[in-house]
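Here's the structure, in structure tokens; my notes come after.
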Amino acid sequence: MIQFKQGTLGSLSKIGGAAMLVSLLGATALTAETQVPVNVVINQSPWLEGFAAVADLYKEETGNEVTLDVNPYAGSLEKQRNAVRSSESEYDLLIINGIFYPEMYHGGFLEPLKNIDPEFDLDAQLYEYGGTPWFNAETKSIGKQTGDLLTVPVNPNVTLLFYRADLYEENGWSAPSSFEELAANARALKTDKMYGIAQRAGRATVSITWDFFPYIQGFGGSYFRDSDGGDYFVTINSEEGREALQTYVDLATELGPENSANLTQGDLIQLLVTGKLAHTVLPAAAWAQMDDPNKSAVVGKIGYATLPSEAGNPSTPALGHWLGGIPKNIPDANKEAALAFLDWFQQPETQVHYAELGGAPVSAAAYESDFAERPENRYMQAMRVASPLAKGMWTIPEGAELAAVMELGLNRAVAGEISVVDALNSMAADLEKILADAGYETGRLPDLK
Amino acid sequence: MAHHNSLGKVLSLTPAVLIFAFLALLPVINLFIVSFHEISWLGGTKQMDWVGVDNYVAIGDDPLFKAGVFNTIIVVLVATTAQVVIGLGLALACSSVGDKSRPFRALIILPLLIPGIVIGAIWRLMYNSEFGIFNLVLETIGLSGHDWLGSSSTALAAVIVVDVWHWMPFAFLLLLAAVESLPRDVSEAAKIDGATAWQEFRKVTLPLLYPAIFMTFLFRAVMASKIFDEVFLLTGGGPGTSTEVVSFTIFQRYFLQDNAGYGSALSVSIIFVVSVIIVIALNANKSKGLSQ
């Protein structure tokens, strides 16, 4: 529903002929406050259509304009960097990836939202994603307790297992809870016309690093000893890491397409919707393309589940959520307009609309709504399970450098250029060097033999 | 009087020199300065920390850069040679046909006019392992398809094919101009002396074309050393490092990882190496008396 800060429409709606009056006065006269247009920089993602639709809804409901500057992932990041480092940002709202938000936080580029409106706070039903919307500039730490509110979550982007539920039903299986089970099912479903499983392994800004994360965590390993606690001792080259990467490589080479080392998210979606793939791992938002009869040959056939893990270890989907932040270097009117949009966006009613429009909500209000219980929205039921389990990979601004090392090492292992052990050892050495050069207390496990 | 004249000439060049310095040298000097720094951001403010030659020292340990140099050398040698050989063959063929070859000339130079992004789309479709034309042809004749861009064994070759297709017309245009400007009387004299077509080509045409071939090769080699868009659009440097090239390494280090200091050091190194190679090549050419 529309969020009106003034009670004007509430009164008018009780009067007969209000609709005519609305059209006569024009929508803007009846909205909360007329705001300057909000210019948003955003990336091209599976959830973009839903976000664009909700931006249109905002204009429809409030009369205020939101324009989207849509870019490829890396292009959006570059535009955001240029915008915040210039004398005045051309963007009023930055849709920042959960991998790169520390760069924006540590750089001091974002306006604390309470500086714009002291009364503003996150809606109680909004997921907090490990406290990542808050940042303490003095202690350089993430968290609600001591940090200033800098951003509002706009997309959960939690990874889910996408699988052919129809084939599972035929075989009387339930969603796999361990990697062994996943491999066995993928092997059983592999035919000349269908790959058992495919996952991203291509090198990109952040691709295989994100997709491999649930594996290493699921095997009981980690990239760093305790990144949430600020302990960046490198542990990727652990025995658990070896087991996890070997599993990832085996699945790719034995049960996946020939070009496993070059697969992108788009390739995975294409394989899945054309019926050529039995399992994959994708961000939840990709669900919208699975049941679109214009794009998909597997309408109603895809099931969603949280990712497997080995006994004793929790399922740990990778958190790659998106956060909306307002740059410091824009006029006050633009800051207020951007915050007004975020405030409207985070409201429970809007979040349900966001889900209805094909977006990926960030509020429990949507995931616990009746809408989530419908069979066609079954991904939301998986999200309810996966969201509290999701974990971020790091909270430091050196993320881009860390990711580059892991993208290369993991990709080379899948491509067969180097062995799993060499990949893990070389990544560990390179990660330690980046962290040491940046001044962190670090170290790494002894090389695997 | 002569002194005044030469001073006047020097002074008259000053504006051009200043503009050149501003447009060409200043950015390179700035790049050079940044390459000795590490740049970070704190409180919305840029911090430039002097790190001496650390960025240059780090180049030796960069696995991407090493792979990039190796692959770039392969691209330069293979693609440039192919472009010059094919371009020369087509130039000679078109020249011998004369004006009737004009429609073919237009067709030959077409790839040169197509934007890089469109070339990426065209070839990505053609190489597609599921529905690309190459695999459709292979399957039609009973052979199994191949993932040209996704396989480490063929990805670089696939990129080189695109580069040859894209830039061969450039070599063709330069060499066609050279072929058309060859003195006819020498060829006619050779024919009168009883030279066969092959002898005429080897003993007369080729030596006369050496300077043009050399300059075409040099031009294309320098351009090929900067290869970026084909790699960016088709493979992203992968699988693994099989199509990593130096320009793509710089893009990743400088832009994606936001490491301006190190990215500048890589850029300066490449500018230096390419400049040295050009100077050596030009001097070698000059010493052989081939330049015109």
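The values are calculated or read from the model by the stated rules, or taken from the named source; none is laboratory data. Note that the coordinates shown come from a computational prediction; the quantities given were computed from them, not determined experimentally. Here the Cβ positions follow ideal geometry from the backbone for every residue, glycine too, while neighbour counts run over all protein chains shown. These accessible areas exclude ligands, DNA and RNA; they are computed on the full protein's heavy atoms, side chains included. Shrake-Rupley method; radii C 1.70, N 1.55, O 1.52, S 1.80 Å.
Sorting A:Leu323, B:Leu77 on solvent-accessible area from highest to lowest, probe radius 1.4 Å, gives B:Leu77, A:Leu323.
Panel note: contact residues of the stretch A:365-409 (accessible area lowered by at least 10 Å² against the chain on its own; 1.4 Å probe) correspond to A:Ala400, A:Glu401, A:Ala404, A:Leu408. Derived scalar couplings between HN and Hα for the stretch B:246-263 equal 4, 4, 6, 4, 4, 4, 5, 5, 6, 8, 5, 8, 6, 9, 5, x, 5, x Hz in order, rounded to whole Hz, by the Karplus curve 6.51 cos²θ - 1.76 cosθ + 1.60 (θ = phi - 60°), x for Gly and Pro. Within the full protein context, the accessible area of B:Leu23 is estimated at about 120 Å² for a probe radius of 1.4 Å. Between chains A and B, what is the buried accessible area summed over both chains (1.4 Å probe, protein heavy atoms, nearest 100 Å²)? Counting protein atoms only, the buried area is about 2400 Å². The value for the stretch B:31-120 of Rg(Cα) / (2.2 N^0.38 Å) is 1.90.
Taking every Cα-Cα distance in the protein assembly as shown and sorting them into 20 Å bins from zero, the calculated P(r) comes out as 15, 42, 30, 11, 2, 0 percent. If you take the Cα centroid of the stretch B:177-195 and the Cα centroid of the stretch A:200-246, the two points sit 69 Å apart. Only helical runs count toward this figure. For the protein assembly as shown, summing -39,500 (n - 2.57) over DSSP H runs of n ≥ 4 and dividing by all residues gives -16000 deg cm²/dmol at 222 nm. An ellipsoid equivalent to the stretch B:63-287, defined through the eigenvalues of its Cα gyration tensor, has semi-axes of 35, 25, 14 Å when rounded to whole angstrom and sorted largest first. In this structure, A:Asp56 and A:Asp228 have a Cβ-Cβ separation that, at R0 = 51 Å, corresponds to a calculated FRET efficiency of about 0.85. Largest GNM mean-square fluctuation across B:Ala106, B:Ala189, B:Ala121, computed for chain B with C-alpha springs under 10 Å, falls on B:Ala189. For A:Lys301, a cut-off of 21 angstrom between C-alpha atoms picks up these lysines, skipping any fewer than 8 places away in its own chain: A:Lys190, A:Lys193, A:Lys276. Amide H contacts of A:Asp69: A:Val40, A:Val41, A:Ile42, each under 5 Å away and 5 or more positions distant or on a separate chain (H built 1.01 Å from N in the peptide plane; Pro and chain starts excluded). Spatial offset of the stretch A:154-179 relative to the stretch A:92-143 amounts to 32 Å, using the alpha carbon center of each. Identify which of A:Val421, A:Val352, A:Val158 has the largest mean-square fluctuation in a Gaussian network model of chain A, with springs joining Cα atoms closer than 10 Å. Evaluated over chain A, the most mobile residue of the options is A:Val421. Taking B:Val84, B:Val164, B:Val53 in turn, the Gaussian network model of chain B (Cα-Cα springs below 10 Å) assigns the largest fluctuation to B:Val53. Contact-buried residues of the stretch B:256-288, at a threshold of 10 Å² lost accessible area versus the chain by itself: B:Leu256, B:Gln257, B:Asp258, B:Asn259 (1.4 Å probe; DNA, RNA and ligands ignored). With all protein chains in place and ligands, DNA and RNA left out, the 1.4 Å accessible area ranks B:Ile39, A:Ile302 as B:Ile39, A:Ile302, largest first. For the stretch B:63-287, the solvent-accessible area of protein heavy atoms averages 48 Å² per residue (probe radius 1.4 Å; ligands and nucleic acids excluded). Taking A:Arg164, A:Arg374, B:Arg184 and ordering them by how much accessible surface each has at a 1.4 Å probe, largest first, produces B:Arg184, A:Arg374, A:Arg164. In degrees, nearest 10, range 0 to 90: what is the angle between the Cα axis of helix A:239-255 and the longest Cα principal axis of chain A? Long axis of A:239-255 versus the principal axis of chain A: about 90 degrees.
Taking amide hydrogens as placed 1.01 Å from N in the peptide plane, the amide H of B:His37 sits under 5 Å from those of B:Val51, each at least 5 positions away in sequence or on another chain.
Shape summary: the stretch B:190-292 maps onto an equivalent ellipsoid whose semi-axes, from the alpha-carbon gyration tensor, are 41, 18, 7 Å in decreasing order. Between B:Glu139 and B:Asn285, the contour length at 0.36 nm per residue exceeds the Cα-Cα span by 47.7 nm. Percent of accessible area on the protein assembly as shown owned by carbon and sulfur, 1.4 Å probe? Using a 1.4 Å probe with all protein chains present, the protein assembly as shown comes out at 60 percent carbon and sulfur. Roughly how far apart, in whole Å, are the Cα centres of the stretch A:369-432 and the stretch B:51-118? So the two Cα centres are separated by 37 Å. Rolled with a 1.4 Å probe across the full set of protein chains, the surface gives A:His353 an accessible area near 50 Å². Applying 1/(1 + (r/R0)^6) with R0 = 25 Å to the Cβ-Cβ distance of A:Val299 and A:Lys193 gives a FRET efficiency near 0.85. Contact-buried residues of the stretch A:414-438, at a threshold of 40 Å² lost accessible area versus the chain by itself: A:Glu417 (1.4 Å probe; DNA, RNA and ligands ignored). The mean accessible area for residues of chain A, using a 1.4 Å probe and ignoring ligands and nucleic acids, is 38 Å² per residue. Computed with every protein chain present, the accessible area of A:Arg187 is close to 130 Å² [probe 1.4 Å].
Under 21 Å Cα-Cα from B:Lys226, which lysines qualify once same-chain neighbours fewer than 8 residues away are excluded? Cross-link targets: B:Lys66. Residue by residue, the stretch A:46-54 carries 3J(HN,Hα) couplings of x, 8, 4, 4, x, 5, 4, 5, 6 Hz when phi is fed to the Karplus relation 6.51 cos²θ - 1.76 cosθ + 1.60 (θ = phi - 60°); x denotes Gly or Pro. Only lysines eight or more places from A:Lys328 in sequence, or on another chain, were considered; those with a Cα closer than 30 Å are A:Lys5, A:Lys59, A:Lys79, A:Lys114, A:Lys140, A:Lys144, A:Lys391, B:Lys46.
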